[in-house]
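Step one of this worksheet: look at the structure below.
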Amino acid sequence: VQLQASGGGLVQAGGSLRLSCAASGSIFSINGMGWYRQAPGKQRELVAVISSGGMTTYADSVKGRFTISRDKHTVTLQMNNLKAEDAAVYYCRMGVFGRGEYWGQGTLVTVSS
């Protein structure tokens, strides 16, 4: 199983980006999916997760600005009204039924003020 993340880039504060992560390989089904981020000098933190049933959880810092969604083997993070503190490397994570947890390679989000 491999996860391929895309969509990062440079954006001005107040702007938007859309991150996507697609899983490929031998997959029967995927349980939870999520996005995490790690800024320089900080620990990796949860941004948003979505269960197989569509239940979502967000970090307080992104509530109302970010939206996580999923479609079969893809998880998407729509990020609006980006702030300087949102700059980080964003990682997707998926729990593949019968296979375990997998991480994407990370995609860099840079926010200019």
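Accessible area per residue was computed with a 1.4 Å probe on protein heavy atoms; Met55 scores about 140 Å². Distance between the 7 Å Cα→Cβ label points at Ser113 and Met55: 3.8 nm. Cross-link reach is defined here as a Cα-Cα straight distance under 19 Å, omitting same-chain residues fewer than 8 places apart; for Lys63 the aspartates and glutamates meeting it are Glu45, Glu85, Asp86.
Using C-alpha pairs under 8 Å with a sequence gap of at least 6, the mean separation divided by the residue count of the chain gives a relative contact order of 37 percent. Working from label points 7 Å from Cα in the Cα-to-Cβ sense, the Trp103 to Ser29 distance is 2.7 nm. Backbone phi angles across region 100-109, fed through the Karplus curve with coefficients 6.51, -1.76 and 1.60 (θ = phi - 60°), yield HN-Hα couplings of x, 9, 10, 10, x, 7, x, 9, 8, 10 Hz in residue order; Gly and Pro are listed as x. Loop-resident chymotrypsin sites (Phe, Trp or Tyr not before Pro) (DSSP state other than H, G, I, E or B) in region 1-84 with no more than 14 further Cβ atoms inside 10 Å of their Cβ: Phe28. Accessible area per residue for region 39-113 is 55 Å², calculated with a 1.4 Å probe on protein heavy atoms, without ligands, DNA or RNA. In whole angstrom, how far apart do the alpha carbon centroids of region 1-36 and region 51-71 sit? Between the Cα centres of region 1-36 and region 51-71 lies a distance of 13 Å. Amide H to amide H, with H built 1.01 Å from N, Gly15 comes under 5 Å of Leu82, counting only residues 5 or more places away or on other chains.
Across region 12-18, rounded Karplus estimates of 3J(HN,Hα) from the backbone phi angles (6.51 cos²θ - 1.76 cosθ + 1.60, θ = phi - 60°) give 6, 4, x, x, 10, 9, 10 Hz, Gly and Pro being marked x.
Would you kindly give the portion of the calculated P(r) for the chain that falls above 24 Å, as a percent of all Cα pairs? Of all Cα-Cα pairs in the chain, 19 percent lie more than 24 Å apart.
The values are calculated or read from the model by the stated rules, or taken from the named source; none is laboratory data. Just so we're clear, the structure is a prediction, and the values are computed from it rather than from any experiment. Reconstructed Cβ throughout: ideal geometry from the backbone, glycine too, with neighbour counts over all protein chains shown. What goes into the accessible areas is simple: the full protein's heavy atoms, side chains included, and nothing from ligands, DNA or RNA. Shrake-Rupley method; radii C 1.70, N 1.55, O 1.52, S 1.80 Å.
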